[in-house]
Amino acid sequence: MPKIDLSSVPARTGSTYPAPLDKAVEGRSSQRLGDAAGITQFGANLVTLAPGALSSLRHWHENQDEFVVVTAGTCTLVDDQGETELTPGDCAAFPAGDANGHHLINRGDTPASFVVIGTRTAAEVAHYSDLDMKVTIGDGTYRFTQGDGSPLIDPKLPKD
């Protein structure tokens, strides 16, 4: 049956970010809905943010499109144009190659959720707008470096 039983899809927490940057997304969990359904051409995840949690560090993708739709609560989209509140039914899109760094924050006092759908590519490079950092993804690995590709030394969270 095509309906996905959300209670059977495990919630994942944690991050691939190097310490101490991994602390930035504490309070975020996601359920990999696309994987649970056997979808291989794009990813679809239900992300839940606890109060105060971030979806990610502000970033943009070279090769992957991203599309989000808020399903519960209120998320604040932070991008290069500023801040925009998103409530259930509101959508946002981030085309591949558009250097508009973005993330969502739950500034409310109850959990907020959104579905994110994105392109799956064999390899990807993403850039972090508030840090001199990029990640190169391929062969199941995440390689975090400075923006110029040199080793990442002593990463620090950006100040709000």
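Yes or no, residue by residue, for (1) within 12 Å of the chain's Cα centre (by Cα); (2) part of a loop (DSSP other than H, G, I, E, B):
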residue: I4; (1), (2): no, yes
residue: A19; (1), (2): no, yes
residue: A24; (1), (2): yes, no
residue: D35; (1), (2): no, no
residue: L46; (1), (2): yes, no
residue: W60; (1), (2): yes, no
residue: N63; (1), (2): no, yes
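If the condition is being assigned to a loop (DSSP other than H, G, I, E, B), closer than 24 Å to A37 by Cβ and in contact (Cβ under 8 Å) with a residue 40 or more places away in the chain, then segment 90-133 contributes P111, R120, T121. Among the residues of segment 134-160, those identified as in contact with a Pro (Cβ under 8 Å, 6 or more places away or on another chain) and part of a strand (DSSP E or B) are F144, T145. Against the criterion of being more than 16 Å from the chain's Cα centre (by Cα), farther than 23 Å from Q41 by Cα, of a type in the set (A, V, I, L, M) and modelled with pLDDT of 95 or more, A112 does not qualify. Residue check: G27 meets all listed conditions (1) free of Cβ contacts under 8 Å to residues at least 24 places away in the same chain; (2) surrounded by fewer than 18 Cβ atoms within 10 Å (Cβ to Cβ); (3) not aliphatic (A, V, I, L, M) but one, namely (1).
Among the residues of segment 24-54, those that are in contact with a Phe, Trp or Tyr (Cβ under 8 Å, 6 or more places away or on another chain) and either small (G, A, S) or closer than 19 Å to A126 by Cα (or both) comprise A24, V25, G34.
The values are calculated or read from the model by the stated rules, or taken from the named source; none is laboratory data. Keep in mind it's a predicted model, so treat the numbers as computed, not measured. Virtual Cβ from ideal backbone geometry, glycine too; neighbours counted across all protein chains shown.
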